[in-house]
1. Among rounded, prolate and oblate, which fits segment A:18-229 when a ≥ b ≥ c are the square roots of the eigenvalues of its C-alpha gyration tensor, a/c under 1.5 means rounded, and a/b larger than b/c means prolate?
2. Going by average Cβ density within 10 Å per residue, which order do the peptides B:75-81, A:240-246 take, highest to lowest?
3. Suppose a student asked you for the relative contact order of segment A:338-439, using Cα pairs under 8 Å spaced at least 6 residues apart; what percent would you report?
4. Counting partner chain Cβ atoms within 10 Å of every residue's Cβ in B:38-47, what's the average?
5. Ranked highest first by average number of other Cβ atoms within 10 Å, how do B:84-93, A:404-413 line up?
6. With a sphere of radius 13 Å drawn around the Cβ of A:Ser267, what net charge do the other residues whose Cβ falls strictly inside it have (Lys, Arg +1; Asp, Glu -1)?
7. If you count, for each residue, the other Cβ atoms within 10 Å and average over each peptide, how do A:386-395, A:230-239 line up from highest to lowest?
8. If you take each beta carbon of peptide B:148-155 and count the beta carbons of other chains within 10 angstrom, what is the mean?
Amino acid sequence: MARKLLLEHDNKPGIQGLEGYRANGGYRSVEKALRTMSPEAVLEEVKKSGLRGRGGAGFPTGLKWSFMAKPPGVPRYLVVNADESEPGTFKDRYLMERIPHILIEGMITSSFALGANVSYIYIRGEYFYIYRILERAIEEARAAGWLGKNILGSGFDHDVHVQVGAGAYICGEETALLESLEGKRGNPRIKPPFPAVKGLYGCPTVVNNVETIAAVVPIVNDGGEEYAKIGIGKSTGTKLISAGGNINKPGVYEIDLGITCEEFLNSDEWCGGVQGRALKAVVPGGSSVPIIPAELYFKTAAGEARLMTYESLSDGGFATGSMLGSGGFYAYNDAQCIVRSTWNHTRFYAHESCGQCSPCREGTGWMEKVLHRIENGEGRLEDIDLLWDIQRKIEGNTICPLGDAAAWPVASAIRHFRDEFEYHVYHPQKVKDPKHFEKTPFVRKPKTVAA
Amino acid sequence: MASTIKAITTTEGVAPFRFSEAGLAECRRLIARYPAEQSKSALLPILHVAQSENDGWLSVHAMDAVAEVLGIQRIEVFEVASFYSMYNLHPVGTYHLEVCRTTPCMIRGADDLIAHLEKRLGIHVGETTKDGMFTLKGVECLGSCGTAPMLQCGAKYHENLTPEKADSLIEQLRAENKRQNYTDQ
Ligand SMILES: Cc1cc2nc3c(=O)[nH]c(=O)nc-3n(C[C@H](O)[C@H](O)[C@H](O)COP(=O)(O)O)c2cc1C
Ligand code: SF4
Ligand code: FES
């Protein structure tokens with residue numbers, strides 16, 4: 001059994017409430033930090049832990065915190081990103097639903113380190129029922145003195161509020177999130193200035209994912225060095241993976257970073273193997289990361305066992321690798337069609353583009369149209385090159401990374417599954433049936449990748 | 001961008017709107033979460049309150065009432081309401097069935113679920129049944145990919161759906177005949 005730092009108590013009775021949470025050691029990190037540590041010392045532990053942002057980009061959390069500007073007399077904010085709308089990702093939901101207090105505890109301890117007296121949780125609107133759970137947990141924490149003035153007699157004041165969104169993937173991007181929190185449309189801001197200098201209400205702000213802030217609790221309790229003992233290289237600690245697609249046991253799992261991809265997919269402790277048929281492809285970190293064929297999921301191009309770490313999953317770059325991303329893992333069996341999946345991904349990004357930049361706004365819609373016609377047996381061979389061209393022109397040419405996120409699934413699908421796109425063009429009648437690969441799976445010519 | 005194709009921007013023939021006392025109290029509770037000069041921050045949650053008190057959609061009257069509560073321009077409210085996909089700018093059925101159609105759900109059978117619901121209700125995605133009972137909508141990943149296929153109705157998630165389960169849900173809702181809102185406790 002692997003260690004669990006976040007989900008250790010997720011099935012304990014009463015863990016959703018303050019009493020049950022306390023009974024299982026909850027709020028110790030607040031006691032430790034406020035009574036025995038300085039804000040700098042807390043930051044130091046987070047740096048030592050090697051913790052990297054769990055929202056998708058994997059940026060070192062301690063480093064991000066150290067960028068927080070500290071102009072005198074200006075309030076600072078911590079904002080927790082609970083927007084969780086990257087397709088395939090449902091780990092924050094699980095954590096907040098089961099153990100809401102771990103998030104609040106992490107926010108108090110983190111805010112102490114950052115010198116923030118107010119923090120906000122921005123939660124996606126569809127999670128309204130979890131918003132209620134958080135509201136109740138905040139009330140409980142306030143009534144018990146974990147929030148408010150002079151917490152534990154330390155002189156540190158802190159309050160937590162929660163704000164609900166209203167359905168917009170882009171509000172997971174941190175500057176769009178801040179706009180939305182200010183009551184505006186979710187249009188990403190041009191950076192710089194970065195939120196650490198000018199964030200919420202123009203004040204220095206740190207935006208972190210739910211899981212990142214929850215991980216601060218075990219880091220402060222046990223020390224950053226202890227945390228860094230788990231994992232490999234720069235991938236330290238544990239990671240929540242939400243697993244879905246054609247696997248036998250979908251769910252949220254806390255893994256030690258560094259287990260093999262093979263073990264994660266096939267072990268009964270985790271995904272329990274592929275449902276029914278052969279594995280075709282994997283999206284390991286949410287819809288924005290490149291899709292990779294089965295053989296490249298198990299082994300890197302150099303023939304080494306692929307590991308569930310930031311580095312190993314991206315080994316080989318986009319030519320043969322992918323990314324750990326948000327930990328939104330989904331597997332495809334051989335009944336699935338990659339063209340259909342790519343069309344669906346693209347439809348998603350076209351729908352969610354905020355519309356500010358022309359390459360993203362126009363490019364996603366255009367790609368969707370082209371993919372739709374290929375999938376429905378009306379494509380031309382040139383369409384494949386056209387798609388390649390459009391995605392290249394979006395990537396890197398937009399205000400926020402949603403443009404890249406829309407380009408990569410298309411690029412990786414063409415890179416690895418070009419013959420399947422061609423099949424659609426050559427066999428228009430066969431692909432008219434939406435379940436065209438259910439009876440006879442498409443057999444891909446595996447590319448020989450140079451070691 | 002949220003689809004706003006059917007936004008009703010006229011006030012003609014549309015029922016007037018006033019927040020209930022409880023609704024106004026909720027607005028005040030929400031505004032108190034933000035610094036004094038930043039009450040506009042409460043716009044998104046207050047729009048949810050208005051939508052729930054206006055039969056599940058935001059009429060111009062409802063948006064105007066929100067502008068008044070916050071002391072902001074009416075256009076600022078419309079700008080925001082038209083951006084986010086959970087705000088309905090046109091009337092919806094008693095039950096708004098929002099089926100996730102994004103890739104991870106598609107892999108686990110969302111297309112079949114949508115086809116089944118369309119057949120069962122006799123409508124297409126985006127339409128409302130003649131009796132005004134059900135509106136069917138295709139939405140993006142709801143963070144429920146491990147329990148797919150699924151749909152959301154009001155604040156409730158209905159997960160691991162089969163055609164049989166979807167049918168009994170529809171029967172049950174029809175019998176209850178009571179609107180479900182996101183803001184339901
Ligand atoms: C289009 C887009 C959507 C994003 N969605 C989310 C999200 O739902 N949740 C999240 O935590 N981060 C999301 N991010 C990443 C955030 O911008 C930001 O990097 C993150 O919240 C930082 O927290 P971390 O360092 O703790 O990961 C998204 C980024 C982009 C570009
Ligand atoms: S890349 Fe797309 S989502 Fe991001 S700011 Fe530009 S148009 Fe908006
Ligand atoms: S894809 Fe449907 S809930 Fe995530």
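Every read-out reported here was derived from the displayed coordinates using simple, explicitly stated rules and does not represent laboratory data. Owing to the predicted nature of the structure, the values given are computational and were not obtained by experimental measurement. Positions of Cβ are generated from backbone atoms using ideal geometry, with glycine treated the same way; all protein chains shown enter the neighbour counts.
1. Details: a/c = 1.38, a/b = 1.18, b/c = 1.17.
It is rounded, given that a/c, with a ≥ b ≥ c, falls under 1.5.
2. A:240-246, B:75-81
3. Value for segment A:338-439: 33 percent.
4. The per-residue average across the peptide is 5.
5. My ranking of the peptides, most packed first, is A:404-413, B:84-93.
6. Overall, the nearby charge balance is -4.
7. Values: A:386-395: 18.8, A:230-239: 21.2.
Descending mean neighbour count gives A:230-239, A:386-395.
8. The shielding value for this peptide is 2.
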